[in-house]
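Colleague: Have a look at the structure that comes next, please.
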Amino acid sequence: SGESGAGKTESTKLLLQHIMNLCKGNLQLEQQILQVNPLLEAFGNAQTVMNDNSSRFGKYIQLRFQKNTVRGAKLSEYLLEKSRVVQQDTGERNFHIFYYMFAGLSSEEKEMYGLLDPSLYRYISGRFGTQDVAQRWKHKYQEVCNALDMVGFQEQEQVDMQAILAGVLSLGNVTFEPEESNGSVKVSEASRGWLKAAAVNILSQLVCCVSCSPWSPSVSCCCSLCADARDSIAKVAYGRVFGWIVCKVNELLAENVDPDVELREIGILDIFGFENFAVNRFEQLCINLANEQLQHFFNQHIFQMEQAAYKAEELPWETITFNNNEPVLSLLLAKPLGLLSLLDEQSAFPQATDKTFVDKLNSSFKGNLHFQSGRGRVLGFSIIHYAGKVQYTAGGFLEKNRDTLPANIRGLFINSITPLLSVLFQGIPHEPRPTVARVKCEDEALLIFLCPRQHSLMVLMERMYSANPHFVRCIKPNSQKEPGVVDNQVVLLQLRYNGLLETIRIRRDGFSWRPSFEEFAER
């Protein structure tokens, strides 16, 4: 764990290399496992203002061992930041893979996928990079292709996957205009070429799939709804491709073992770091909530459970206090009046807006020490997190929480001429809405935000509580992304809010090494 840009993903790769070097077993399998990280980075990481290679999803890698040899691996992913596909703030980029494709594909391949100059595409904000950067991306594209081959993806699967990504980019350039004859909306004449380039005939049928709001039946409203539906399609298509990659990886890395021999496991969690940007949106709230839960998990193990064990042993012990973040989790997750419950409630009302949601928060949390009403013209609010105060811009909260897709679109995907796109939408149930649950542990109830994916944070936290955790705290040396520079104040702030000063004290005064009686006697 640690802030965005503190080195979590790099530490994960080093740890994997170290473990693979120690176990010395199935060399091919070990190489396949090591290739998983660069593959997922290409599709799940992006440049942000805080980090040039920021993880925009969480991943949990389970390494399965038998007789001290790695026999298989399983990957779980959750909370991919799909909104990045259609929108990036100033100084940020879309997912790496789009830029790698432009830099790495040959002219013939670009023509096959219908790709033109990258400056034309709205979803990558018309920004590309310098010649040096493009050369680096070209090298990265080759790494991705090698990783796909190494892990075991078929050539046709790789072609289909890139066709879908190219289609997503073309989709973003489709715009809408009013139909003069009857007042409805159609795909604009200027963007019909982009619609054709998208390869799947979706948006030409989209207008009949999207109905205008009954209380605002204007043409401009219909154009906006069609644009929202276009973006929803792009986000869902990309999200399904990412999920399919993870499923394929798990199929190819599944263990082949003797069922009578017990499997041991090492799990490595590499999660997106705490974020506080100039503009913080719904995605930052989800990311920071996950970090709040991990901080609570850390507090439980390092302070509450450890000190309870000392008291149970009747050891002389002076209680060490720590910054307990349960009030923040309660503010966010309590039912029925937590922030997410109120967001779900507002999302269920068609007439509700981001403003009515914020008004509800202001009335519900008046006087709460961890909540502050927004100030100024921008609609928003602030949360006092364990790592500090974060101001959230409320625009788009309801739409992103609903995460809706026009009802008829799934059928259009299933009938796509691209085989992989058809497969991605066949036999996949509707993704459930986010819900909240409680996980019991040592008489303490931990509130969990369930993400819509199969491997939810609840499942992850249950798994972590059942294991013997080791915490790797990554500390960011400076805020300028500069090598070899240590900003003492930046470092000290992280040491304080992570509870590391109190951790040092409990390690110094407590009993950090606990051998069994047999180990002690043998020594």
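The values are calculated or read from the model by the stated rules, or taken from the named source; none is laboratory data. Computed from a prediction, not measured in an experiment: that's the story for all the values here. Cβ placement follows ideal geometry from the backbone for every residue including glycine, while neighbour counts extend to all protein chains displayed. We work out accessible area using only protein heavy atoms, side chains counted, and drop any ligands, DNA or RNA first. Shrake-Rupley method; radii C 1.70, N 1.55, O 1.52, S 1.80 Å.
Colleague: Looking at segment 1-22, which of its residues are in a helix (DSSP H, G or I) and not β-branched (Val, Ile, Thr)?
Modeller: Lys8, Glu10, Ser11, Lys13, Leu14, Leu15, Leu16, Gln17, His18, Met20, Asn21, Leu22 - these are the residues of segment 1-22 that are in a helix (DSSP H, G or I) and not β-branched (Val, Ile, Thr).
Colleague: Quick check on segment 263-274. Is at least one of its residues farther than 17 Å from Lys8 by Cα, open to solvent by 20 Å² or more (accessible area, probe 1.4 Å) and assigned by the TED database to the domain that holds His385?
Modeller: No; the residues of segment 263-274 include none that is farther than 17 Å from Lys8 by Cα, open to solvent by 20 Å² or more (accessible area, probe 1.4 Å) and assigned by the TED database to the domain that holds His385.
Colleague: Also, quick follow-up: Could you please give the count of residues in segment 494-523 that are touching a residue at least 40 places away in the same chain (Cβ under 8 Å) and either touching a strand residue (DSSP E or B) at 6+ places or on another chain (Cβ under 9 Å) or at negative phi (or both)?
Modeller: First, the residues of segment 494-523 that are touching a residue at least 40 places away in the same chain (Cβ under 8 Å): 494, 497-499, 502-503, 505-506, 509-511.
The next check asks that each one be either touching a strand residue (DSSP E or B) at 6+ places or on another chain (Cβ under 9 Å) or at negative phi (or both); those that pass are 494, 497-498, 502-503, 505-506, 509-511.
Qualifying residue count for the region: 10.
Colleague: Ok, one more. Exactly one condition in (1) open to solvent by 80 Å² or more (accessible area, probe 1.4 Å); (2) assigned by the TED database to the domain that holds Asn288; (3) not polar (S, T, N, Q) is false for Arg410; which is it?
Modeller: Condition (2) is where Arg410 drops out.
Colleague: For segment 381-406, what are the residues that are of a type in the set (Phe, Trp, Tyr) and either touching a strand residue (DSSP E or B) at 6+ places or on another chain (Cβ under 8 Å) or closer than 17 Å to Val86 by Cα (or both)? Talk me through it step by step, then tell me what you get.
Modeller: We begin by selecting, within segment 381-406, every residue of a type in the set (Phe, Trp, Tyr); these are 381, 386, 392, 397.
Residues satisfying the conditions are Phe381, Tyr392, Phe397.
Colleague: If you check Lys110 against the conditions, is it more than 28 Å from the chain's Cα centre (by Cα), modelled with pLDDT under 85 and part of a helix (DSSP H, G or I)?
Modeller: Details: more than 28 Å from the chain's Cα centre (by Cα): yes; modelled with pLDDT under 85: no; part of a helix (DSSP H, G or I): yes.
No, not satisfied.
Colleague: Separate question: Restricting to segment 16-29, and then to whatever is open to solvent by 70 Å² or more (accessible area, probe 1.4 Å) and under 16 Å from Ile266 (Cα atoms), can you tell me which residue is nearest to the chain's Cα centre (by Cα)? Step through it out loud before you land on a result.
Modeller: Just the residues of segment 16-29 that are open to solvent by 70 Å² or more (accessible area, probe 1.4 Å), to begin with: 17-18, 21-22, 24, 26-28.
Checking which are under 16 Å from Ile266 (Cα atoms) leaves us with 17-18, 21-22, 24.
Values: Gln17: 23, His18: 26, Asn21: 29, Leu22: 30, Lys24: 32 Å.
The qualifying residue nearest to the chain's Cα centre (by Cα) is Gln17.
Colleague: Examine segment 194-205 for a residue that is at pLDDT 85 or above, farther than 21 Å from Trp244 by Cβ and either assigned to a helix (DSSP H, G or I) or touching an Asp or Glu at 6+ places or on another chain (Cβ under 7 Å) (or both), and state whether such a residue exists.
Modeller: yes
Colleague: Any residue in segment 369-382 that is under 23 Å from the mean Cα position of the chain (by Cα) and at pLDDT below 95?
Modeller: Our first condition is that a residue be under 23 Å from the mean Cα position of the chain (by Cα); within segment 369-382, this holds for 380-382.
In the following step, the residues that additionally are at pLDDT below 95 were identified as none.
Scanning segment 369-382 turns up no residue that is under 23 Å from the mean Cα position of the chain (by Cα) and at pLDDT below 95.
Colleague: Here's a follow-up. Quick check: anything in segment 120-129 among the aromatic types (Phe, Trp, Tyr), open to solvent by less than 40 Å² (accessible area, probe 1.4 Å) and not in a helix (DSSP H, G or I)? Spell out the reasoning first.
Modeller: Within segment 120-129, the first condition is being among the aromatic types (Phe, Trp, Tyr), and the residues that meet it are 121, 123, 128.
Remaining after also requiring open to solvent by less than 40 Å² (accessible area, probe 1.4 Å): 121, 123.
So of that shortlist, the ones also not in a helix (DSSP H, G or I) come out as 121.
Scanning segment 120-129, I find at least one residue that is among the aromatic types (Phe, Trp, Tyr), open to solvent by less than 40 Å² (accessible area, probe 1.4 Å) and not in a helix (DSSP H, G or I), so the answer is yes.
Colleague: Using beta carbons and a limit of 8 Å, which pairs, at least six apart or on different chains, have the first residue in segment 328-351 and open to solvent by less than 10 Å² (accessible area, probe 1.4 Å) and the second one part of a loop (DSSP other than H, G, I, E, B)?
Modeller: Val328/His370; Val328/Tyr386; Leu331/Gly338; Leu331/Phe365; Leu331/Asn368; Leu331/His370; Leu332/Gly338; Leu339/Phe365
Colleague: How many residues does segment 465-487 hold that are part of a loop (DSSP other than H, G, I, E, B) and of a type in the set (Ser, Thr, Tyr)? It would help to see each step written out before you state the result.
Modeller: Of all residues in segment 465-487, those part of a loop (DSSP other than H, G, I, E, B) come to 466-487.
In the following step, the residues that additionally are of a type in the set (Ser, Thr, Tyr) were identified as 466, 479.
Number of matching residues: 2.
Colleague: Still on this structure: Scan segment 44-80 for residues that are in a loop (DSSP other than H, G, I, E, B) and closer than 24 Å to Leu115 by Cα and report the count. Spell out how you get there, then give the answer.
Modeller: Of all residues in segment 44-80, those in a loop (DSSP other than H, G, I, E, B) come to 47-53, 56-57, 67-68, 79-80.
Next cut, closer than 24 Å to Leu115 by Cα only: 47.
Counting residues in segment 44-80 that are in a loop (DSSP other than H, G, I, E, B) and closer than 24 Å to Leu115 by Cα gives 1.
Colleague: So Gln372 clears everything in (1) open to solvent by 60 Å² or more (accessible area, probe 1.4 Å); (2) not in a helix (DSSP H, G or I) except one condition, right? Which one?
Modeller: With respect to (1) open to solvent by 60 Å² or more (accessible area, probe 1.4 Å); (2) not in a helix (DSSP H, G or I), Gln372 is out only on (1).
Colleague: Same structure again: For the structure I just gave you, tell me whether Ala407 is small (Gly, Ala, Ser) and at pLDDT 90 or above.
Modeller: Working: small (Gly, Ala, Ser): yes; at pLDDT 90 or above: no.
In short, no.
Colleague: Which count do you get for residues in segment 130-142 that are touching a residue at least 40 places away in the same chain (Cβ under 8 Å) and open to solvent by 40 Å² or more (accessible area, probe 1.4 Å)?
Modeller: Number of matching residues: 1.
Colleague: Filter segment 507-521 for residues that are part of a loop (DSSP other than H, G, I, E, B) and within 27 Å of Glu292 (Cβ to Cβ); which is modelled with the highest pLDDT? First the steps, then the outcome.
Modeller: Of segment 507-521, the ones part of a loop (DSSP other than H, G, I, E, B) are 510-516.
Filter once more, keeping what is within 27 Å of Glu292 (Cβ to Cβ): 510, 512.
Working: Gly510: 90, Ser512: 77.
Selected residue: Gly510.
Colleague: Do we find a residue being among the hydrophobic types (A, V, I, L, M, F, W, C), open to solvent by less than 90 Å² (accessible area, probe 1.4 Å), out of contact with any Asp or Glu (no Cβ under 8 Å at 6 or more places or on another chain) and part of a helix (DSSP H, G or I) anywhere in segment 497-506?
Modeller: Just the residues of segment 497-506 that are among the hydrophobic types (A, V, I, L, M, F, W, C), to begin with: 500-501, 504, 506.
Still in the list and also open to solvent by less than 90 Å² (accessible area, probe 1.4 Å): 500-501, 506.
Subset that is out of contact with any Asp or Glu (no Cβ under 8 Å at 6 or more places or on another chain): 500-501.
With part of a helix (DSSP H, G or I) added as a condition, the list becomes 500-501.
Among the residues of segment 497-506, at least one is among the hydrophobic types (A, V, I, L, M, F, W, C), open to solvent by less than 90 Å² (accessible area, probe 1.4 Å), out of contact with any Asp or Glu (no Cβ under 8 Å at 6 or more places or on another chain) and part of a helix (DSSP H, G or I), which makes the answer yes.
Colleague: Right, next: Could you list, in sequence order, all residues of segment 275-286 that are open to solvent by 10 Å² or more (accessible area, probe 1.4 Å) and under 24 Å from Leu75 (Cβ atoms)?
Modeller: Result: Glu283, Cys286.
Colleague: Would you call Thr418 hydroxyl-bearing (Ser, Thr, Tyr), at pLDDT 70 or above and closer than 30 Å to Trp244 by Cβ?
Modeller: Details: hydroxyl-bearing (Ser, Thr, Tyr): yes; at pLDDT 70 or above: yes; closer than 30 Å to Trp244 by Cβ: yes.
The answer is yes for Thr418.
Colleague: Still on this structure, please answer the following. List every residue pair whose Cβ atoms lie under 8 Å apart, where the two residues are 6 or more positions apart in sequence or sit on different chains, the first residue falls within segment 167-182 and is outside the structural domain of Glu111 (by the TED database) and closer than 10 Å to Asp231 by Cα, and the second residue, located anywhere, is at pLDDT 90 or above and assigned to a strand (DSSP E or B).
Modeller: That search, which allows pairs on different chains as well, returns nothing.
Colleague: Being on the phi > 0 side of the Ramachandran plot and in contact (Cβ under 8 Å) with a residue 24 or more places away in the chain is the filter here; which residues of segment 95-128 pass it? Full working, then the answer.
Modeller: We begin by selecting, within segment 95-128, every residue on the phi > 0 side of the Ramachandran plot; these are 114, 125-126.
Scanning segment 95-128 gives Gly114, Ser125.
Colleague: May I ask you to list the residues in segment 42-101 that are under 22 Å from Lys481 (Cβ atoms), open to solvent by less than 20 Å² (accessible area, probe 1.4 Å) and hydrophobic (A, V, I, L, M, F, W, C)?
Modeller: Of everything in segment 42-101, those that are under 22 Å from Lys481 (Cβ atoms), open to solvent by less than 20 Å² (accessible area, probe 1.4 Å) and hydrophobic (A, V, I, L, M, F, W, C) turn out to be Ala42, Ala46, Phe57, Phe95, Ile97, Phe98.
Colleague: Right, another one. What tally of residues in segment 352-368 results from selecting those that are free of Cβ contacts under 8 Å to residues at least 24 places away in the same chain and under 26 Å from the mean Cα position of the chain (by Cα)?
Modeller: Applying the first criterion (free of Cβ contacts under 8 Å to residues at least 24 places away in the same chain) to segment 352-368 yields 356, 359-363, 366-367.
Within this subset, residues satisfying the condition of being under 26 Å from the mean Cα position of the chain (by Cα) are 361.
Qualifying residue count for the region: 1.
Colleague: Looking at Cys145 and the list (1) free of Cβ contacts under 8 Å to residues at least 40 places away in the same chain; (2) out of contact with any Ser or Thr (no Cβ under 9 Å at 6 or more places or on another chain), which single condition is not satisfied?
Modeller: Unmet condition: (1).
Colleague: Next question. Going residue by residue through segment 156-175, is there one that turns out to be in a helix (DSSP H, G or I), closer than 17 Å to Gln31 by Cα and open to solvent by 20 Å² or more (accessible area, probe 1.4 Å)?
Modeller: First, the residues of segment 156-175 that are in a helix (DSSP H, G or I): 156-171.
Restricting the remaining residues to those that are closer than 17 Å to Gln31 by Cα gives none.
Checked segment 156-175: no residue is in a helix (DSSP H, G or I), closer than 17 Å to Gln31 by Cα and open to solvent by 20 Å² or more (accessible area, probe 1.4 Å).
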